[in-house]
1. Using only helices, what value at 222 nm comes out for chain A when you add -39,500 (n - 2.57) per DSSP H run of length 4 or more and divide by the total residues, to the nearest 500 deg cm²/dmol?
2. At a 1.4 Å probe, which residues in the stretch A:368-409 are at least 50 Å² less accessible with all protein chains present than in their chain isolated?
3. Based on the Cα atoms of the stretch B:2-112, what semi-axes does the equivalent ellipsoid have, where each is the square root of 5 times one gyration tensor eigenvalue, given in whole Å with the largest first?
4. In degrees, nearest 10, range 0 to 90: what is the angle between the Cα axis of helix A:96-118 and the longest Cα principal axis of chain A?
5. How many angstrom separate the Cα center of the stretch A:374-409 from the Cα center of the stretch A:77-152?
6. On a 0 to 90 degree scale, rounded to 10, what angle separates helix A:4-29 from the longest Cα axis of chain A?
7. With a 1.4 Å probe on protein heavy atoms only, work out how much accessible surface A and B bury together, total over both chains, in Å² to the nearest 100.
8. Hey, got the dipole for chain B? About the Cα centre, +1 on K and R Cβ, -1 on D and E Cβ, debye to the nearest 20?
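The values are calculated or read from the model by the stated rules, or taken from the named source; none is laboratory data. Fair warning: this is a prediction, and the values are worked out from it, not measured in the lab. Here Cβ is always computed from backbone atoms with ideal geometry, including for glycine, and neighbour counts include all displayed protein chains. Just the protein is used for accessible areas: all its heavy atoms, side chains included, with ligands, DNA and RNA removed. Shrake-Rupley method; radii C 1.70, N 1.55, O 1.52, S 1.80 Å.
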Amino acid sequence: MINTGDTAWVLMSSALVLLMTPGLAFFYGGMVRRKNMLSILMQCFIIMCVLSVHWVLLGYSLSFAPSNGFWGGLRWLGLRGVGFEPYTDYAATIPHQAFMIFQGMFAVITPALIIGAFAERMKFSAFLIFTLLWATFVYDPLCHWVWGSGGWLRTMGALDFAGGTVVHINAGIAALVTALVIGRRKNLDHNAPAPHNLPFIVLGTGLLWFGWFGFNAGSALAANGLAVNAFVVTNTAAAAAGLSWALIEWFHNGKPTMFGVASGAVAGLVAITPAAGFVSVVPAVIIGLLVSVFCFIAVSIIKPKLGYDDSLDAFGVHCVGGIWGALATGLFASKAVNAAGADGLFFGNPKQFLIQLIAVLVTIGFTSVVTFIIYKVVDIFIGVRVNEKEEMMGLDLTQHHERAYTVLE
Amino acid sequence: MRLIIAIIQPYKLEEVKEELYKVDVNLITVSEVLGHGRQKGVAEVYRGAKETGNLLRKVRLEIAVNEDFAEKTIKAIIKGAKTGSTGDGKIFVLDLKECVRIRTEERGSQAIG
């Protein structure tokens, strides 16, 4: 039975989630050097184009068509049979295609998150092929396991409200793998690049925070109390994490920074994502306050020590924050918030924590192996990295024959 | 006194600065400039319209030194900026007539260091 309020909210949420990808483009774009600004915007926008088409033709079927557990198969290829009647196993009160397009926006932003790891040094052609293969062989299967009808992690009882494992740990671990295999940017030791435009980072953060209400509250797939809960805890966790990052910097470096608050807010949004439909507001504050501690340690202490060049901290924020969020769901989940969920460790059900841990480890294992294989295949056929001269001149000029800013008019 | 002007690759600035500090040259002025050498820059395309001969971004250093420091300074810039490929840049050395430190009104060699 279609509910008009639910349908309106899910359509609105889909638009909000779409806006997160341009938001991410500015968030990441502000962090790179001027000569690579357009390459980041271009990679994010071309993902919107390519994966939107991929999703309706192939991706949705692979992710969500009912199956034996591993892959959705080809039954819903080209949206055959995906119409305007509800598909009750996913959402009983909205047209099936509304659910499909909402999920499509998640399939768009997830590979865009990985861009942060190989920013400023990947060939555009290689990037396109890598992204298409990654969507098909990493995102779609994992999405099916966690959310698809018959998916084995879902059957096991893993809780992931809006994409902690499917989106953030998944993209974050793929980021670490690609950062490791593509190698560090040239001249990093002599010339640690400062973000070229901090206001863009803040603009991007604002758009992400705004869009995230669609991401999390929309994942209720209805305009109801659960959506309100997700909305409230999302805002709370983002706020707590932004504040906490600023305080950490204040104590650790002497001054709080704008970049720090923006990073903290995004980390908080990441961490609350899997938990948004299962935890109440006080756990959301704890999740937010602590995620900045973990992510700060990852990006400011561990990364420099180990020396990998995850240029824009896709791993340090999304994977680390996502793992914390997924595990915190196993700690703080409560049936009082969502009867369809489960109780966590602090509500007398330690088994849920274990299930969450398994889901995290499975995601890390599966994604890192398949991402590595995809990277190597692309590298063998066309080469992934630009040559030294192109890297030095910047990807804007060498990959797109454009530049973002003029010096002389 | 000499005025040394060097045009270098932007990404080489930090290395050149490090080399200059090593030979105790600490006073430099840096500006961002556009230019191209024999290669005539790069082609750019905007909505299908191709523009050729575009200028590339470079960094320009200005360093005023006493005679005995000139050769060290030049060598330091070369050490920091040279890659051996086209686009490494140029160094120009000019005679410098006068130098005044505004704060103390000192002049000449005294004012440079």
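1. Details: 17 runs with 250 residues, N = 409.
So the calculated ellipticity at 222 nm is -20000 deg cm²/dmol.
2. Flagged in the stretch A:368-409: A:M392, A:H401, A:R403, A:V407.
3. Working: eigenvalues 208, 50, 26 Å².
Value: 32, 16, 11 Å, ordered largest first.
4. 30 degrees
5. Result: 27 Å between the Cα centres.
6. On a 0 to 90 degree scale, this one is about 20.
7. On the way: alone 15810 and 7860 Å², together 22060 Å².
So the buried area, both faces added, is about 1600 Å².
8. On the way: 20 positive and 17 negative charges, 97 e Å.
Charge dipole, chain B, about its Cα centre: 460 debye, nearest 20.
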